[in-house]
Amino acid sequence: MTTESNRTGQKTGGAKLTARQRRFLPILLASRNHTEACEAGRIGRDTLYRWLKDPAFAAEVDRQRDELAAEGLALLAKNTVKAVEVLVELLDTKDGHLRRLAAVSILGQHTKFRELDELTRRIEAIEERIDAGQRHSAK
């Protein structure tokens, strides 16, 4: 059912959305899947899929998802040092099992970090070669 407020789109983050779409966005973003979102937001799946085909709605969903992800990453980054400090403290506990778990966790994360760092350096070197080759062929 289309109401006057649904027909007169309002701007949200640069995207023209209906009031109903704006109310539904937080529900969609907080839900595990589309079915759960539709039930919680009391809209039909057909309606949701029609909205997702709308470039303005889809762009706003993407923008808000990116914003949430950035906030989550910032919170993780803010607490990384604290988490590592806790793991390091656990290395001194008397509980051998807990000490072993902390050690394995630290070593595993360190290994992943080194691998990621190495891959990043290799990709950057490849990109530099490609850029140099493109500059050379443009001359």
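Observations, loosely collected:
- Criterion violated by Lys94 - all others in (1) part of a helix (DSSP H, G or I); (2) out of contact with any helix residue (DSSP H, G or I) (no Cβ under 6 Å at 6 or more places or on another chain) satisfied: (1)
- Hits in the range 35-53 - residues which are within 14 Å of Arg20 (Cα to Cα) and of a type outside the set (Phe, Trp, Tyr): Ala37, Cys38, Ala40, Gly41, Arg42, Ile43, Gly44, Thr47, Leu48, Arg50, Leu52
- In the set (1) touching a helix residue (DSSP H, G or I) at 6+ places or on another chain (Cβ under 7 Å); (2) farther than 30 Å from Leu25 by Cα, Val81 fails one condition alone, (1).
- For the criterion of being within 18 Å of Ser31 (Cβ to Cβ), loosely packed, with under 14 Cβ neighbours inside 10 Å and free of Cβ contacts under 8 Å to residues at least 24 places away in the same chain, Gly72 passes.
- Any hit, the range 108-128, residues being more than 28 Å from the chain's Cα centre (by Cα) and either part of a helix (DSSP H, G or I) or of a type in the set (Val, Ile, Thr) (or both): yes
None of the figures in this text is laboratory data; all of them are computed from the coordinates on show. None of the values given here were measured: they were computed from a predicted structure. Note that each Cβ is placed from the backbone with ideal geometry, even for glycine, and that neighbours are counted across all protein chains shown.
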